[in-house]
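This report concerns only the one structure given below.
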Amino acid sequence: MKTLTKLSSVALLGLGLISSANAVEINVNPYGKLGGIASLDFTNSKQSYGGVLANAGADFSLTNGLRWGLGAIGAWTPWEQTNNISSPYASAGDASEAYIGYKNKLIEFYAGRFKNGFTNFDWLQGNVQGASIRFTTYESKMIYWLTYANSYLYNGKQHNYIQGDRIAADLTSLTSYNTTGGKKNSMVGGEIIAGGVDFAYNNFWLKPYVLFNTNAAGTKSILLQGGLKAGISFDISKFKSTTIFQAMYQYWDLPTLAANDSASSILLWADQTFRYQNFLMFGAGIVGIPGNEKSTIYALSDSSKFYGRMFASGMSGPLSGFAPYFAGTSLYGYVFGGLDMKWVRVDGMVSFGTYNEYSIMSNFPVWQQKNMKLSLGVGYAYIKGDFGGGTDNVSGNSLKAFAKFSY
């Protein structure tokens, strides 16, 4: 009932905006997806399943900058073989969007439940419940942004700004803003405040940021992150080179840490990507995370090219659901390749060191008409790593196939 009340309130507010808009033009942008995914697990856990996920909604906007939207999402697992391991869908459904906002050339603002991708913040993509603002200077060289989130809709959102979204990741998981008993998403736990500045000059960019969580992952411990992302891109004949370096300091005083364990972690990450005529991609990178092996980098989303989030299993406790490739004391390298054409996209990854991933994922757009599209795909991944102080406790050896209709 609470969700329906919220939706009704937003709808009534939208009608009020319409009635007061006089001759202002109203634009409607409907969106949606319906997908099915089958996962066959070859590990001892036998976490195989067949899932169906649907999402539909509409964004409304006026020419004076006002906007609002409504959306809903739901998931179902008609077949499972999980050996007492929980379903991949922690929630059956929720109101995914219910927001009001405003946008012009300098300011963009949203409040309610909305997609937070407009802030371009790697570590908080996807749908948040709260408020966000983004301010751009007239020269467009400096962008300031601030986000407050008291909950999060986890739906596998993981976007790489060069390669795109992880293929089919949005069909493999669903955790609503508020779970059973009205409790908020356990991956959030507390109240999140994040802010940063994006600076761009020619082909160089620098993005410092901070993030604070009052009760990260429900562990009754505060979390503080501060970091930056720096990059440069340039053309070499028919190739385009993009070099990105990321650094982050994290303080997370987890209750599982012993008295002499450090609550601090550092993320150091370098990634080099080459693109040939915008359809062929390849590169390499290295990741190091000095710190306590019982901890991890807190990340509700990230901009990596890995598929470990949607393929790995074996994590438990308060760190369950987080990326296995951000475990404490990690040190590993990786190479990747990809093909992105009108009729096919393929992502491939090999990593070696404390985190091992051998993955390949494909997507074939078999039909498209205007903004409607039907895609089919298949992929395989082998995952192995340490997480939360365990030894080879994260694993993955599965095949996934999917079909998705979107508009």
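Give me the three principal axis extents of the chain from the C-alpha atoms, as integers in angstrom, largest value leading.
The Cα atoms of the chain stretch 64, 51, 50 Å along the principal axes, largest first.
Output the relative contact order of segment 30-115, whole-number percent, from Cα pairs under 8 angstrom with separation of 6+ residues.
24 percent
Under the 0.36 nm per residue contour assumption, what length would be gained going from the current alpha-carbon distance of VAL210 and LEU106 to full extension?
Working it through step by step, the gained length comes to 35.2 nm.
May I ask for the net charge around PRO208, where only other residues with Cβ less than 14 Å from the Cβ of PRO208 are counted and Lys, Arg are +1 while Asp, Glu are -1?
Numbers: positive: LYS207, LYS229; negative: ASP122, ASP198.
Result for the neighbourhood of PRO208: 0.
Based on DSSP H runs of at least 4 residues, each adding -39500 (n - 2.57), what is the mean residue ellipticity at 222 nm of the chain after dividing by all its residues, to the nearest 500 deg cm²/dmol?
Dividing the helical sum by the residues of the chain leaves -1500 deg cm²/dmol.
Do you know the relative contact order of the chain, to the nearest whole percent, from alpha carbon pairs under 8 angstrom that are 6+ apart? If you can, show how the numbers build up before the last one.
Working: 1109 pairs, mean separation 47.3, N = 407.
Across the chain, relative contact order equals 12 percent.
Just by accessible area at a 1.4 angstrom probe, what is the order of SER39, SER262 from largest to smallest?
SER262, SER39
Taking 7 Å along the Cα-to-C-beta vector as the label spot, tell me the TYR31-TYR276 distance in nanometres, rounded to one decimal.
Inter-label distance under the simple model: 3.4 nm.
Provide the gained length on full extension for the span LYS183 to LEU331, in nm with one decimal, where the gain is 0.36 nm per separating residue minus the Cα-Cα distance. Before the final figure, lay out each step's value.
On the way: separation 148, 0.36 × 148 = 53.28 nm, distance 3.56 nm.
The LYS183-LEU331 span can extend by a further 49.7 nm.
Counting other Cβ atoms within 10 Å of each Cβ, which chymotrypsin sites (Phe, Trp or Tyr not before Pro) in segment 107-164 have at most 13 and sit in a DSSP loop?
Those that pass, being in a loop and sparsely packed, are TYR138, TYR161.
Rounded to the nearest percent, how much of the accessible area of segment 51-133 (1.4 Å probe, protein heavy atoms only) is carbon and sulfur?
On the way: 2000 of 3370 Å².
That fraction is 59 percent.
Grab the other residues whose beta carbon is less than 14 angstrom from that of ASN363, score K and R as +1, D and E as -1, and report the net.
+3
Computed FRET efficiency, Cβ-Cβ of THR243 and TRP343, R0 35 Å: what is it to the nearest 0.05?
On the way: r = 30 Å, r/R0 = 0.86.
Efficiency for this residue pair is about 0.70.
Using a 7 Å offset from the Cα along the Cα-to-Cβ direction at both ALA58 and GLU191, what is the distance between the two label points in nm, to one decimal?
Placing both labels 7 Å beyond Cα along the Cβ direction yields 3.5 nm.
Can you tell me how much longer the chain between ASN371 and SER262 gets when fully stretched, taken as 0.36 nm per residue apart minus their C-alpha distance, in nm with one decimal?
Value of the extension gain: 34.2 nm.
Just name one of LEU106, TYR307, PRO290: the one whose Cα is farthest towards the positive end of the charge dipole of the chain (beta-carbon charges, Lys/Arg +1, Asp/Glu -1).
LEU106
Place a +1 charge on the Cβ of each Lys and Arg in the chain and a -1 charge on the Cβ of each Asp and Glu, then give the dipole magnitude about the Cα centre in debye, rounded to the nearest 20.
780 debye
In whole Å, what is the distance between the alpha-carbon centres of segment 120-173 and segment 238-256?
Spelled out, the Cα-based centre of one part sits 16 Å from the other.
Under a Cβ-Cβ cut-off of 14 Å, what is the net charge of the residues other than ARG309 that fall near it, where Lys and Arg count +1 and Asp and Glu count -1? Intermediate results must be reported in sequence, preceding the final value.
Values: positive: LYS157, ARG166, LYS305, LYS400; negative: ASP122, ASP165, ASP170, ASP302, ASP347, GLU357.
Cβ neighbours under 14 Å give a net charge of -2.
Take each of the peptides 270-281, 69-80, average the number of other beta-carbon atoms within 10 Å over its residues, and list them starting from the highest.
Descending mean neighbour count gives 69-80, 270-281.
The values are calculated or read from the model by the stated rules, or taken from the named source; none is laboratory data. If you're wondering where the values come from, they're calculated on a predicted model, not measured in any experiment. Virtual Cβ from ideal backbone geometry, glycine too; neighbours counted across all protein chains shown. Heads up: the accessible areas ignore ligands, DNA and RNA and are worked out on the full protein's heavy atoms, side chains in. Shrake-Rupley method; radii C 1.70, N 1.55, O 1.52, S 1.80 Å.
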